[in-house]
1. If r is the Cβ-Cβ distance from T262 to D303 and R0 is 51 Å, what FRET efficiency results, to the nearest 0.05?
2. For K318 and S446, compute 0.36 nm times the residue count separating them, minus their Cα-Cα distance, and round to one decimal in nm.
3. Can you give the FRET efficiency to the nearest 0.05 for S331 and E120, using r as the Cβ-Cβ distance and R₀ = 41 Å?
4. Please enumerate, by chain and number, the aspartates and glutamates with C-alpha under 19 Å from the C-alpha of K68, excluding those fewer than 8 residues away in the same chain.
5. If we count trypsin sites (Lys or Arg not before Pro) as exposed when they sit in a DSSP loop and have at most 11 other beta carbons within 10 Å, what is the longest stretch of the chain that avoids them all?
6. Put a dot 7 Å past each Cα toward the Cβ at E138 and V103; how far apart are the dots in nm?
7. Students often get this wrong, so check it: of K214/K276; K95/K313; K109/K287; K172/K282, which have C-alpha atoms separated by over 32 Å?
8. So if each residue of separation counts as 0.36 nm, and I subtract the Cα-Cα distance between S170 and K205, what length gain in nm does that give?
Amino acid sequence: MRIFHSFRSRMCYLSVPFIVLSSVIDFSLLGHISQSHVNPSRTLVIFLPSVSSEVMKLKHRYEVGLEKLQSAADQVATMQTELEALQPQLLVASKQVDEMMVVIKRESKEVAETEKVVKEDEAVSNQQAMAAKAIKDECDADLAEATPILESALDALNTLTPQDITLVKSMKNPPPAVKLVMEAICILKGVKPDRVPDPSGSGKKIEDYWGPAKKLLGDIKFLQSLHEYNKDNIPANLMAVIRQRYITNPDFVPEKIRTASTAAEGMCKWVCAMDKYDTVAKVVAPKKAKLKEAEGELKVAMDALHIKQAALKEVQDKLAKLQETLEANMSKKADLEDQVDLCSKKLERAEQLIGDLGGEKTRWSQMAFSLGKLYNNLTGDILISAAIVAYLGAFTSNYRQVQMEKWIKLCRSIDIPCSTNMSLVNSLGDPVKIRAWTIAGLPSDSFSIDNGIMIS
């Protein structure tokens with residue numbers, strides 16, 4: 001309010017010369033000019049807010065443009081710093097990738113060589129395994145012939161009970177068929193016969209197996225011993241006796257033995273099964289030996305193969321880790337390359353913008369300064385412009401200039417700011433309208449343009 005009253009008092013003081021001037025003007029010379037136009041205060045109130053706003057908007061535009069240029073310059077400095085920081089990182093990443101590629105190439109060669117050796121060993125092992133399987137299959141095929149007979153004999157033994165064995169043992173005068181079977185059992189068990197006098201009265205002693213047989217039958221583990229008999233290693237001399245005396249004997253047949261004793265029948269089947277099995281076993285034995293040798297060689301080969309496979313897996317795992325590291329480094333390198341490329345493009349665009357608008361910076365700075373100065377002097381400039389519009393429309397250009405210079409001095413003497421080079425064009429002129437007027441035929445001199453501003 002204090003500022004408003006001060007400005008109002010100064011306006012009242014300044015209005016005196018305007019009033020004096022208006023009193024000496026012959027309004028008859030200005031017939032078409034209405035007394036209502038002779039009001040600089042009203043003109044000041046109309047024009048000052050709009051002109052102030054336009055000047056401030058224009059000044060703000062230049063200042064924003066200058067801020068953008070300064071921001072671009074700051075960004076250029078920042079991006080240059082970032083680019084300088086990224087370049088060494090990119091070089092390090094590229095070097096790491098190159099070094100890793102060399103290592104991977106070397107490791108890949110080692111893996112390929114190891115794989116080749118392992119595959120060759122696997123082929124050899126597979127051949128050995130196939131050979132061993134062929135021998136085993138052959139052994140199994142040969143044994144398959146005797147196995148059913150052996151199983152049948154063992155099943156027959158399983159049907160015997162301790163009471164059956166006791167019954168045979170308790171025979172005082174066993175049938176010949178029973179004695180025949182027990183002799184064969186004793187021979188296979190390696191039991192020596194007793195030497196007894198010949199019952200025919202020849203005076204000689206003969207071999208008698210019944211006494212030792214009864215001792216065998218008295219053993220509670222007798223049947224178990226038949227089940228666990230070492231059938232794969234029956235002495236050849238014993239089997240020769242069995243085949244010569246018993247297997248070829250027409251009375252040594254399970255069906256005939258059954259008539260004498262069912263227990264003896266089962267043991268007869270067992271003896272016949274041992275004969276069959278031994279025959280096959282003698283054929284299979286060399287093959288088993290060969291199988292054992294082949295399996296031993298296969299085991300050695302497989303052990304060596306497992307060691308090489310473990311070594312192969314180790315180098316493969318190592319190579320896989322190197323590949324993962326390489327992929328991570330390549331990804332890092334690609335990210336850095338993208339960052340460098342993006343930063344370079346931004347820097348290029350920013351430098352181009354600064355280069356294109358760099359020449360405008362000085363002009364924009366001067367314009368912003370001039371507009372700021374104009375804004376500060378706008379009160380006096382608009383006041384004088386209002387007085388010119390109100391009172392000097394009918395006068396010549398020279399008179400207008402003289403009177404305007406007096407008013408400028410008067411404003412400054414009472415501390416109302418105004419421009420030294422104040423003009424109606426600068427304070428109230430619209431460049432677009434002025435351009436349109438000149439295109440329409442208005443002379444481009446300042447007096448004509450001032451007149452156009454006054455009547456508009």
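The values are calculated or read from the model by the stated rules, or taken from the named source; none is laboratory data. These numbers come from a predicted model, not from an experiment. Cβ placement follows ideal geometry from the backbone for every residue including glycine, while neighbour counts extend to all protein chains displayed. Side chains included, ligands, DNA and RNA excluded: accessible areas come from the protein's heavy atoms. Shrake-Rupley method; radii C 1.70, N 1.55, O 1.52, S 1.80 Å.
1. Details: r = 54 Å, r/R0 = 1.05.
E between T262 and D303, to the nearest 0.05, is 0.45.
2. Working: separation 128, 0.36 × 128 = 46.08 nm, distance 8.93 nm.
Here the segment from K318 to S446 would lengthen by 37.1 nm.
3. Working: r = 38 Å, r/R0 = 0.92.
So the FRET efficiency works out to roughly 0.60.
4. Correct list for K68: E348, E351, D356, E360.
5. Values: sites that count: K172, K204, K221.
Result, exposed sites excluded: 222-456.
6. Here the modelled spin labels are 5.4 nm apart.
7. Working: K214/K276 26 Å; K95/K313 28 Å; K109/K287 44 Å; K172/K282 39 Å.
Too far apart for the 32 Å limit: K109/K287; K172/K282.
8. Details: separation 35, 0.36 × 35 = 12.60 nm, distance 2.45 nm.
Length gained between S170 and K205: 10.2 nm.
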